[in-house]
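Notes follow once the structure below has been shown.
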Amino acid sequence: MNFGVEFRIEAQLDILEAVEWYEEIRAGLGNELFIAIENQKHVIEKPLSL
């Protein structure tokens, strides 16, 4: 069984704000954060192997 993860609009806005903030710290850092979030989202969606 696969699970779909959807972020509420408030969470999406928070993520966007964090990505923009990290991007101001260092170019590309915001993108790294976004990729890390997406990777963890896929981990949650992946079915467990028993």
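Counted by Cβ distance under 14 Å from residue 38, the other residues give a net charge of -1, where Lys and Arg count +1 and Asp and Glu count -1. Convex hull volume of the C-alpha atoms in the chain, normalised per residue: 62 Å³. Label zone of residue 6 (point 7 Å out along Cα→Cβ, amide N under 19 Å): in segment 27-41 this covers 38, 41.
How much mean residue ellipticity at 222 nm does the chain get from its helices, if each DSSP H run of length 4 or more adds -39500 (n - 2.57) and you divide by all residues, to the nearest 500 deg cm²/dmol? Mind dumping the intermediate values first?
Numbers: 2 runs with 34 residues, N = 50.
-23000 deg cm²/dmol, from helical runs alone.
Bear in mind these aren't lab numbers, they're just calculated from the coordinates by the rules spelled out. Keep in mind that this is a model prediction, so the values were computed, not measured. All Cβ positions, even for glycine, are placed from backbone atoms using ideal geometry, and neighbour counts span all protein chains on display.
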